Every structure is written in structure tokens, then in C-alpha cells.
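Shown next, in C-alpha cells, is the structure this report addresses.
The values are calculated or read from the model by the stated rules, or taken from the named source; none is laboratory data. Computed from a predicted model, the values in this text were never measured in an experiment. All Cβ positions, glycine included, derive from the backbone under ideal geometry; neighbour counts span all protein chains shown.
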Amino acid sequence: MTKHTTPNTADVIIIGAGVIGCSTAYHLARLGISDVIVLEQEEVGSGTSGKSAAMLSPHSCDDDWSLRLVRHSWTRYMEFEDEIGVPCGFRRTGWLSIADAAGAQEMERKTGLLKRHSVPVELLSPDDIRRYYPEMRTEDLAIGAYTSEDGTLDPHSIMWGYLARARERGVRLLRGVRAMGLRLRQGRVEGVETTAGLLTTRLVVNAAGPWAPEVGRWAGIDIPILNRARCIWVTGPFPLIPSDRPFVDDVGRGWYFRPEGPGLLIGMGVVPVNQLDVDISRQLLPEMIEVATHRVPLLEQASILTSWTGIRPLTPDGLPIIGPMPSPEGLLLNVGWGGMGLMQAPVAGQLLAEYIAFGRPMAFEDAIALEIRRFCDGQNSPD
Ligand SMILES: Cc1cc2nc3c(=O)[nH]c(=O)nc-3n(C[C@H](O)[C@H](O)[C@H](O)COP(=O)(O)OP(=O)(O)OC[C@H]3O[C@@H](n4cnc5c(N)ncnc54)[C@H](O)[C@@H]3O)c2cc1C
């Protein structure tokens with residue numbers, strides 16, 4: 001591919017500058033494909049990527065594929081500063097899952113899965129759980145599991161780090177420019193209609209996160225994204241809970257919490273939404289207060305500093321959709337990263353760039369199982 005660029009044309013156009021679009025741009029440039037435009041309708045990270053709980057956590061994985069993708073990305077994040085020149089902001093917190101009797105069997109299954117993938121994990125009794133979190137009420141808990149590897153990332157350093165290295169190699173970022181449609185001819189992509197006019201290209205990457213189905217509709221394709229809203233609240237400074245406590249996933253009650261600066265970050269919600277600019281924080285607040293003060297009674301004394309709502313673009317089988325569309329020719333997908341897109345961004349960008357450079361994924365050759373064809377062939381699971 002040529003590196004020569006003209007303003008309104010590019011070898012590849014990426015729609016979306018969330019963490020997936022930024023990683024894709026960087027990995028393309030790394031493979032020598034730098035005549036690339038990244039289109040962002042608002043600001044870098046203004047979609048889901050700027051609203052996450054920012055965890056890098058093998059422990060959050062429920063299946064083999066997720067663990068393979070996270071373990072690969074884990075290694076890439078540990079080398080991020082050497083490769084990209086800025087830190088990814090990793091800070092180890094540990095991850096503690098807790099469950100009542102109804103959730104015990106699933107927790108044991110998941111612990112077995114983690115062990116099979118060489119993730120050191122410890123099964124805990126309620127007394128052990130209190131050792132890790134003395135402020136927690138545990139009478140109604142049956143089991144816990146703890147991993148020490150997990151921690152937080154800095155999403156903005158990651159996005160801007162990837163973009164900086166990509167732009168050095170010639171990738172162009174257009175902020176505040178919205179893609180409005182695809183220009184198609186005889187079954188293949190010819191360009192992207194945007195608020196700044198037509199941009200011609202033969203390859204378009206849909207990295208539009210929760211907006212991905214809209215891009216699909218421009219080509220008459222139904223991309224099976226299930227958008228689910230989740231709310232994050234951050235408390236004011238709360239010294240009653242030390243800042244070295246682990247991330248806690250209260251599985252049965254559907255909420256999680258971890259230290260955030262001098263306070264705590266709390267997350268909850270799996271609310272189906274059609275509109276993407278929703279705010280569900282008021283709707284979920286009473287339930288959040290109920291479960292939080294039940295589990296950690298000290299939280300009755302906490303105040304809420306701020307909150308926001310983000311959209312997790314899930315898929316029917318919980319796995320991302322990556323690779324080319326059978327048609328139109330020239331449209332590729334890097335979508336459906338659900339609640340794991342930040343922690344899996346390195347492998348997401350790498351795989352998609354390999355599809356464009358080599359015609360197939362190479363980091364995991366069997367990642368062709370993650371293409372959209374699995375939803376078209378009546379084949380539901382890529383296991
Ligand atoms: C509350 C919450 C907690 C989460 N916690 C974690 C976590 O702890 N760890 C983790 O790994 N993941 C977590 N996630 C998931 C993670 O945030 C997402 O998987 C990831 O950010 C998806 O990135 P993306 O680039 O696909 O989407 P986005 O970040 O949404 O990026 C898509 C971009 O495309 C742009 N766009 C859309 N349409 C157009 C258009 N027509 N023209 C131009 N631009 C367009 C949007 O403006 C947006 O910036 C969480 C998500 C939420 C909501």
C-alpha cells in the first residue's frame with residue numbers, strides 16, 4: 001500500500017476513536033499501513049472508552065476465548081511503555097469475587113477455568129474474605145475467589161499513546177467529523193460520506209462501539225450488538241476504607257467496587273437501551289445504595305461526588321466480532337467488545353491490522369471463529 005496521501009482519500013478509514021479504533025490505527029501503522037484516517041464524531045474516548053471502570057482483569061473472564069485474548073493483551077500492556085513510550089497506567093489492585101450459596105458452583109467452575117489458563121487463583125471461605133476485606137459483611141456469603149494480578153489501567157494514556165505513535169507514522173485523526181454513510185458500488189466500498197464531505201477509500205473499519213449497528217445499516221447489514229447501560233458512581237474521599245483494598249465483584253448482587261483516588265468507584269447495571277445518550281444513575285441509585293450498604297455498612301457514611309452512564313456493546317455470545325464482512329467487500333468489523341474492550345484493546349487492534357495486512361489473523365490463527373459469519377451460518381458459539 002502507498003504512503004502517499006491526499007486530503008480526501010486514504011487506504012483505510014477507521015470509524016471511531018475509542019480504544020479499539022486507536023489500537024487498530026496504531027497496529028496498522030506498525031505493519032507499514034499508515035495512509036489511514038481515523039474519524040471521530042466527537043472527541044477521542046468520548047464514547048464508551050472514557051466511561052469504563054478501567055480494569056485489566058483475567059478474573060473477569062467467563063470463557064476460554066476471553067481469557068486467551070486478555071492474557072495476550074496482558075503481556076502487551078506490561079510492555080506498553082517500552083513499545084509506545086508512555087505508561088498504560090497499570091496499578092495492581094487484586095480482584096475479589098464473592099458469592100452466596102446459589103453462586104458457589106459457578107464460582108468453582110470459573111476458578112477451574114482460570115487455573116487451566118495458569119492464572120493463580122485462591123478459593124476463599126467467608127472468614128478468608130474478611131481477611132482481604134475486613135469492612136465487609138459476609139454472613140450471607142458462601143465462597144470467594146481472589147487473584148492478585150488484576151489492576152486498573154489509564155484509558156486516556158492508552159488511546160492517546162496509540163494515536164501518537166500512529167500519527168508519527170502518518171495516520172490522520174479527524175475529530176468532530178461524523179461518518180454519515182458508506183459509498184458503495186457493485187458490492188464494494190468506495191468511500192465514506194462524512195460531515196466534512198466524501199472521503200474515498202477501499203477499506204473501512206467499523207470501530208464505532210455502541211454505534212456499530214448504525215454503520216452496519218448503511219450497508220444493509222444487521223450487526224448483532226446488544227447495547228447495555230451501566231452506571232459508575234464515585235464517592236468523595238472515604239478514609240474509613242483503606243485505598244489498598246482490592247476490586248470486589250459481588251456476583252450475586254450485580255455490583256462492583258474498588259478504590260478510586262481517596263474514595264471508591266462503584267459500578268452497576270445491565271440495562272438494555274436503544275438511545276446512547278441515556279443517564280440511568282438516578283434510576284439505579286436506590287438499588288445501588290441498598291446493595292452497597294448491605295455489603296459494606298460503613299458506606300452509609302459515604303457521599304457521592306459524581307456519576308456517569310456508559311454503554312457496553314455486548315453480543316449474543318459475549319464475544320467480539322472481528323474481521324471482514326462477507327459483503328460489501330472492503331468493510332471490516334472490530335466491534336462488540338462489551339465489558340472487556342479496554343483490557344483486550346491490544347489484541348483487538350493487532351488482529352484487525354493482521355486481517356488487512358495479511359488477509360488473516362495471525363496472533364491467534366483460529367480467531368476466524370470470531371468473524372460475523374458465526375451469527376449468519378446458524379452456528380452460535382465459536383468454542
Ligand atoms: C460502566 C462501564 C464499565 C466498563 N469497565 C470496563 C473495564 O473495567 N475493563 C474493560 O476492559 N472494559 C470495560 N468496559 C468496556 C469498555 O469500555 C468497552 O469495551 C470499550 O471502551 C469499547 O471501545 P470501542 O472503541 O469499541 O467503543 P467506544 O469507546 O464507544 O468508541 C467508539 C467511538 O466511535 C465514535 N463514533 C461512533 N459513530 C461514529 C460516526 N458515525 N462517525 C464518527 N465517529 C463515530 C464514537 O464517538 C466513539 O468515540 C466498561 C464499559 C462500561 C460502560
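Each row is one residue, and each column tells you yes or no for (1) free of Cβ contacts under 8 Å to residues at least 12 places away in the same chain; (2) outside any helix (DSSP H, G or I); (3) not charged (D, E, K, R).
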residue: 115; (1), (2), (3): yes, no, no
residue: 120; (1), (2), (3): no, yes, yes
residue: 129; (1), (2), (3): no, no, yes
residue: 138; (1), (2), (3): no, yes, yes
residue: 141; (1), (2), (3): no, yes, yes
residue: 157; (1), (2), (3): no, no, yes
residue: 162; (1), (2), (3): no, no, yes
residue: 173; (1), (2), (3): no, yes, yes
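Quick one: is residue 200 of a type in the set (Ser, Thr, Tyr) and not assigned by TED's automatic domain parsing to the domain that holds residue 309? Yes.
Going residue by residue through segment 326-334, is there one that turns out to be in contact with a helix residue (DSSP H, G or I) (Cβ under 9 Å, 6 or more places away or on another chain), modelled with pLDDT of 95 or more and acidic (Asp, Glu)? Within segment 326-334, none of the residues are in contact with a helix residue (DSSP H, G or I) (Cβ under 9 Å, 6 or more places away or on another chain), modelled with pLDDT of 95 or more and acidic (Asp, Glu). Is it the case, given these coordinates, that residue 89 is in contact with a Pro (Cβ under 9 Å, 6 or more places away or on another chain), closer than 26 Å to residue 148 by Cα, small (Gly, Ala, Ser) and more than 10 Å from the ligand (Cβ to nearest atom)? Yes, satisfied. State all residues of segment 60-89 that are over 21 Å from residue 163 (Cβ atoms) and surrounded by 15 or more Cβ atoms within 10 Å (Cβ to Cβ); if no residue qualifies, say none. Answer for segment 60-89, where residues must be over 21 Å from residue 163 (Cβ atoms) and surrounded by 15 or more Cβ atoms within 10 Å (Cβ to Cβ): 60, 61, 63, 65, 66, 67, 68, 69, 70, 71, 72, 74.
With respect to (1) within 11 Å of the ligand (Cβ to nearest atom); (2) among the hydrophobic types (A, V, I, L, M, F, W, C); (3) in contact with a Lys or Arg (Cβ under 7 Å, 6 or more places away or on another chain), the lone exception for residue 198 is condition (1). Looking across 10, 102, 53, 29, one residue alone is of a type in the set (A, V, I, L, M), at negative phi and within 11 Å of the ligand (Cβ to nearest atom). It is 53.
Among the residues examined, residue 187 does not qualify as touching a residue at least 24 places away in the same chain (Cβ under 8 Å), within 16 Å of the ligand (Cβ to nearest atom) and surrounded by fewer than 18 Cβ atoms within 10 Å (Cβ to Cβ). The single condition among (1) of a type outside the set (Lys, Arg); (2) crowded, with 18+ Cβ neighbours inside 10 Å; (3) in contact with a Cys (Cβ under 9 Å, 6 or more places away or on another chain); (4) within 27 Å of residue 43 (Cα to Cα) that residue 231 does not meet is (3).
Here residue 151 passes the criteria (1) in contact with a helix residue (DSSP H, G or I) (Cβ under 8 Å, 6 or more places away or on another chain); (2) closer than 22 Å to residue 68 by Cα except the one numbered (1).
Among the residues of segment 143-155, those that are within 11 Å of the ligand (Cβ to nearest atom) and in a loop (DSSP other than H, G, I, E, B) comprise 150, 153. Restricting 263, 209, 252, 269 to residues that are modelled with pLDDT under 95 and either touching a Phe, Trp or Tyr at 6+ places or on another chain (Cβ under 9 Å) or more than 15 Å from the ligand (Cβ to nearest atom) (or both) narrows the list to 252. Among the strands (runs of 3 or more DSSP E) confined to segment 198-274, the ones with at least 2 residues that are over 30 Å from residue 186 (Cα atoms) are located at 226-235, 247-250, 255-260, 263-272. Annotation for segment 347-370: at least one member residue is crowded, with 17+ Cβ neighbours inside 10 Å, outside any loop (DSSP other than H, G, I, E, B) and within 11 Å of the ligand (Cβ to nearest atom).
Screening the candidates 287, 329 for the property of being without any contact (Cβ under 8 Å) to a residue 24 or more places away in the chain and either surrounded by fewer than 17 Cβ atoms within 10 Å (Cβ to Cβ) or not assigned by TED's automatic domain parsing to the domain that holds residue 218 (or both) yields one hit, 287.
When every residue of segment 263-271 is checked against the conditions, at least one turns out to be surrounded by 15 or more Cβ atoms within 10 Å (Cβ to Cβ) and farther than 16 Å from residue 310 by Cβ.
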